[in-house]
Amino acid sequence: MGMQSMPRIVKDLSAMPVRPHLLDYPRTVADFNWQATAPWLDGLPAGGINIAYEAVDRHLARGRGARTAIRWRGKDGSRRDLSFADLAQATNRFANALSALGVGPGERVFVLMGRLPELYMAVLGALKARCVVSPLFSAFGPEPIATRAEMGDARVMVTTPELYMRKVKGLRERLPGLRHVILVGGAQAVAAAAAGDPSVHDWHTLVDACSPDFTIAATDPESMALLHFTSGTTGRPKGAVHVHGAVLAHAVTGYYALDLHEDDVFWCTADPGWVTGTSYGIIAPLVQGVTIVVVEAEFDAATWYKVLARERVTVWYTAPTAIRMMMKLGTEALRGHDLSALRFMSSVGEPLNPEAVVWGQQAFGLPFHDNWWQTETGGIMIANFAALDILPGSMGKPLPGITAAIVRRTEGGGVQPVDTPDTDGELALKTPWPSMMRGYLHEDERYRKCFVDGWYLTGDLAHRDAQGYYWFVGRADDVIKSSGHLIGPFEVESALMEHPAVAEAAVIGIPDAMAGEVVKAFVALKPGFEAGEALRRELLGHARKRLGAAVAPKDIEFRLNLPKTRSGKIMRRLLKARELGLPEGDLSTLESDEKK
Ligand code: AMP
């Protein structure tokens, strides 16, 4: 497959304001081993490893308690800064509050709220109490909340009075195991929502009354810490189980892949309702002792620029959808914003089109560094590193400590790595690594099936080139087979994105009597372009020229928007189901404005 369409971005180390941590990739990879890296963590005084200790308390022990941990910027313009010492006390109080309620280690604390400071206190405080945390996206409706809370046996729900009234109260009968609800909000709203129900508590009354001292008990690194729900292609969401020991991977990826340095101001735009927003919106940067910016408001491109400039963000972690939104707006919108503090930008969650990487370079003077991982891997596995050249469109190279491979299934039901470069196949990771999921909740069989011959099978198809760079081809479920060709939707979408009229593209396979499947593309246009037959033909022609007739779409349909998950992933399977009149499957993670 001819992957590279844009020139290599060559890094000039002498022009970088900060020396990247990972300078010699081959040597670091050769020398790395997880055991020897264990001292990166401090470990609990009481024994074992606890995520919250590594993220918060250890910085106090090192005399860095006064450093700002969280810079919170409220919707209404209010601001709140919490030092590591403040965060230590606040999380201690919450841990004590859980104990006061009789909630013990292993019990599940669900967090359902917007990006308020209490969200961060609740997540880290519950981890200190050795409870299991499951953050939910606040935009979920009652049904997805109920399914997840039932599956995960929610014991406590931390939410706001508004969300409680609108979404949770009506579920209480269905959730007999949900013994406590803790509400964050104004006293009046909380009292009205609680309506005298003794199981509904006011955060301030409950938590503020608790002692700011708490000693984290010995924590088994293999004990469950986080429960993250992923949406399967159909049916019920899967609950991926992660343990406290995963924090070693957060430390290592924060250091190498995001290149976090002590003085950084870091902004991760993902909501903590998703794994990225927890692993990298909370844990990894705090473990590195870095200040995180938390923006309560929903985002648009203009807000991004404002926040980046005003907060002097140095390292930014975002997603392809966000980047495509900025591209749609054009570089004009960037004018007048002082982004001189920004030194490293990265992206995750979906394939990052080469066009977007290059656009970053033009607009910001910095390229976007794509990286790849999944809920199941718990942390970044493949990345473009600060000091390594970028091949636009590639996900980069495996992290030190991670062995990736393209594997083939063998006849005996096993798998084998393919050593020849420039081959496509399923992307697999050699087990184990610290943040590898330890199970799918209540689904042992499904979990076991992910592991074969010492490899974790990702369900993604990729391509490895002769230089060791990995290229995303598509989810195995989304790949199109047409007249004997295996077509990755990403390749076709990226070619369409090169056309100046195209803001977003999604490609699916349509059954065809002759070819098996043919490619169909859905396209959303940039402002100022008119959907119509002339443009349709022009795009078909452009794609044919770029990709060849065998791979180019046979049909293009214009859409105002493409259906996306709340984490910004284009839902190709939904486009396909609608196109073919098939069942739509689980839509709980779909952005509501796309629901029919
Ligand atoms: P989730 O577990 O919901 O975070 O989704 C993980 C999936 O998102 C992966 O298996 C990929 O299909 C996709 N994904 C994540 N990051 C990337 C990336 N950098 N390039 C391409 N696909 C990605």
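The values are calculated or read from the model by the stated rules, or taken from the named source; none is laboratory data. In this text the structure is predicted, and so the values were computed from the model without any measurement. Methodologically, a virtual Cβ is constructed for each residue, glycine included, from the backbone with ideal geometry; neighbour enumeration extends over all protein chains shown. Only protein heavy atoms, including side chains, enter the accessible area calculation; ligands, DNA and RNA are left aside. Shrake-Rupley method; radii C 1.70, N 1.55, O 1.52, S 1.80 Å.
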Here the chain gives, from Cα atoms, an Rg and Dmax in Å of 23.7, 72
Taking 0.36 nm per residue of separation between ARG544 and GLN467 and subtracting their Cα-Cα distance, the length gained on full extension comes to 24.9 nm
Computed over the chain, protein heavy atoms only, probe 1.4 angstrom, the accessible area per residue in square angstrom equals 38
Extension length gain for ALA387 and ASP555 (0.36 nm per residue less Cα distance), in nm, is 56.4 nm
Counting only DSSP beta bridges fully inside the stretch 237-386, the antiparallel percentage to nearest 5 is 15
Straight-line reach check, LYS430, cutoff 12 Å on alpha carbons, 8 or more apart in-chain or any other chain, hits among aspartates and glutamates -> ASP453
Note to self: Kirkwood Rh of the stretch 479-592, Cα pairs, one decimal, Å, is 14.5
With the 8 Å Cα cutoff and a minimum separation of six or more residues, the chain has a relative contact order in percent of 13
Computed ³J(HN,Hα) along the stretch 154-163: with the Karplus parameters 6.51/-1.76/1.60, θ = phi - 60°, integer Hz and x for glycine or proline, the list is 4, 9, 10, 10, 9, 8, 10, x, 5, 5
By the Cα gyration tensor axes a ≥ b ≥ c (a/c under 1.5 gives rounded; else a/b larger than b/c gives prolate, otherwise oblate), the shape of the stretch 277-356 is oblate
Share of accessible surface on carbon and sulfur in the stretch 385-515, whole %, 1.4 Å probe and ligands ignored, is 50
Here the gain from full extension of MET514 to GLU591, 0.36 nm per residue of separation minus their alpha-carbon distance, amounts to 24.1 nm
For the chain, percent of DSSP beta bridges that are antiparallel (nearest 5) comes out at 60
Of 326-332, 50-56, ordering from highest average Cβ density within 10 Å down gives 50-56, 326-332
The correct ranking of MET165, MET121 by accessible area at 1.4 Å, largest first, is MET165, MET121
With bins of 5 Å, the percent of all Cα-Cα pairs of the stretch 390-494 per bin from 0 is 2, 11, 20, 23, 21, 13, 7, 2, 0
Excluding residues fewer than 8 positions from LYS306 in its own chain, the aspartates and glutamates with Cα under 16 Å of it are ASP76, GLU296, GLU298, GLU332, ASP338
Ranked output for segments 390-401, 80-91, 465-476 by mean other Cβ atoms within 10 Å, highest leading, reads 390-401, 80-91, 465-476
Rounded to the nearest 10 degrees, the helix 320-329 long axis (Cα) sits at an angle to the longest Cα principal axis of the chain of 70
On the accessible surface of the stretch 169-315, probed at 1.4 Å with all protein chains in place, carbon and sulfur together account for a percent value of 54
Plugging the Cβ-Cβ distance of ASP31 and ALA195 into 1/(1 + (r/R0)^6) at R0 = 56 Å yields, to the nearest 0.05, a FRET efficiency of 0.40
Simple SL model, points at 7 angstrom along Cα→Cβ for ARG80 and GLU411; separation in nm is 6.5
Partner aspartates and glutamates whose C-alpha sits under 12 Å from that of LYS11, ignoring same-chain residues fewer than 8 away, are ASP389
With a 23 Å threshold on alpha-carbon distance, the violating pairs from LYS481/LYS526; LYS520/LYS564; LYS238/LYS449; LYS238/LYS569 are LYS481/LYS526
Mean Cβ-within-10 Å packing, highest first, puts peptides 265-274, 125-134, 493-502 in the order 125-134, 265-274, 493-502
In order over the stretch 501-515: 3J(HN,Hα) from phi, Karplus 6.51/-1.76/1.60, θ = phi - 60°, whole Hz, x for each Gly or Pro, gives 7, 8, 8, 8, 9, 9, 10, 10, x, 10, x, 9, 4, 7, 8
For TYR447 the rounded accessible area (nearest 10 Å², probe 1.4 Å, non-protein molecules ignored) is 40
If amide H atoms are modeled at 1.01 Å from N in the peptide plane, then the residues at a separation of 5 or more from SER346, or on another chain, having amide H under 5 Å from its own are TRP316, TYR317, THR318, HIS369
Counting only residues 5 or more apart in sequence or on a different chain, those whose built amide H sits under 5 Å from that of ARG408 are GLN416, VAL418
Taking a crude spin-label model, label points 7 Å out from Cα along the C-beta direction, the THR303 to ASP419 distance in nm is 5.2
For the stretch 204-355, the Cα gyration tensor yields equivalent-ellipsoid semi-axes (√(5λ), largest first, whole Å) of 30, 21, 16
Measure of exposure for ARG172: accessible area at 1.4 Å probe, Å² rounded to 10, is 50
Diffing the stretch 556-564: the Karplus 3J(HN,Hα) column from phi (6.51, -1.76, 1.60, θ = phi - 60°), in whole Hz with x for Gly and Pro, holds 10, 10, 8, 9, 5, 9, 9, x, 9
